[in-house]
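Every read-out reported here was derived from the displayed coordinates using simple, explicitly stated rules and does not represent laboratory data. On a predicted model such as this, the values are computed, not experimentally measured, just so you know. Backbone-built Cβ (ideal geometry, glycine too); neighbour counts: all protein chains shown.
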Amino acid sequence: MYHLEGKGIYTILLAIIAVLTLSLAVLIIFLFISYNPNQQQAANISPGASISERIVPDEEMLEFKLFGGEEKLFALKSEQENPNSLVMVSVTIKCDAGERRRREKDITTRVNTYISEMEEAVGDYFAAMTLTEAKELETRYKARDDLLDTFNEILNANKQEKEKVVYRVTLQMFPQ
């Protein structure tokens, strides 16, 4: 009788070990299927966090005027009641020259290198806008924010480490 009890205990222990092994196998398979390191990295990086930013005092800002400081006319997207509408635009940007303006030469060179792309981006932006949209006050604020992001993307296009270069966009719009 003692001999039968020993076999029962071993059978129960083997059953417990088998259940635990099966549970561990299912857990490992679940982790391999559901864990994606690329997805995890993407979740940790928000769009705004990928560009380094600092608080820049006015004396460390550089000012650049697009279009040679002159107002530029752009054709707006045609709409039925205003088929040939235009907008007159002047754009000024303020950039971070670094602490004590140590990066002034680098930023000036970078902005001058990409100024034609930034001017083209302004034209493309207004080509997608109608006169009705251009006359709205909110459009001016949205245009400033959109162009600020666009300019920073252009200036960071060939950079490994992204940084906020353009901190302010001053936009004068005169829809006609």
Asserting the computed 222 nm helical MRE of the chain (DSSP H runs at least 4 long, -39500 (n - 2.57) per run, divided by residue count, to nearest 500) equals -17000 deg cm²/dmol
Scan the chain and report its longest stretch carrying no GluC sites (Glu not before Pro) that are both in a DSSP loop and have at most 14 other Cβ atoms within 10 Å.
-> 82-135
So Gln80 and Arg54, fully extended at 0.36 nm per residue minus their Cα-Cα distance, gain in nm 4.8 nm
Karplus (6.51, -1.76, 1.60) ³J(HN,Hα), θ = phi - 60°, over the stretch 160-176, in Hz, Gly and Pro reported as x | 6, 9, 7, 9, 7, 9, 8, 9, 9, 10, 9, 10, 9, 10, 10, x, 9
What is the antiparallel percent of DSSP beta bridges lying wholly in the stretch 52-175, to the nearest 5?
-> 90 percent
In a shell of Cβ-Cβ distance under 15 Å around Glu53, excluding Glu53 itself, what net charge do Lys and Arg (+1) and Asp and Glu (-1) give?
-> -1
How big is the chain on each of its three principal axes, counting only the C-alpha atoms and giving the largest first in Å?
-> 105, 51, 24
Length released on extending from Gln176 to Asp124, taking residue separation times 0.36 nm less the Cα-Cα span = 17.0 nm
Just the ratio, please: alpha-carbon radius of gyration of the stretch 91-147 over 2.2 N^0.38 Å, N its number of residues.
-> 1.43
Among the helices of the chain (complete DSSP H runs), which have Cα atoms covering no less than 15 Å along the helix axis and a Kyte-Doolittle mean of at least -1.0?
-> 2-34, 104-127, 137-155
Note down the nm distance, to one decimal, between modelled labels 7 Å out along Cα→Cβ at Tyr10 and at Phe32.
-> 3.2 nm
Using 0.36 nm per residue of separation minus the Cα-Cα distance, give me the extension gain between Asn158 and Glu71 in nm, one decimal.
-> 28.4 nm
Excluding the sites themselves, what is the longest stretch of the chain that contains no trypsin sites (Lys or Arg not before Pro) in a DSSP loop with at most 16 other C-beta atoms within 10 Å?
-> 1-53
Using the Kirkwood radius built from alpha carbon pairs, what does the Stokes-Einstein equation give as D for the stretch 54-101 at 4 °C and 1.567 mPa s, in µm² per second?
-> 97 µm²/s
Computed over the stretch 50-176, the relative contact order (Cα-Cα under 8 Å, seq sep at least six) in percent reads 36 percent
What FRET efficiency comes out for the pair Asp149/Arg101, r = Cβ-Cβ distance, R0 = 25 Å, nearest 0.05?
-> 0.55
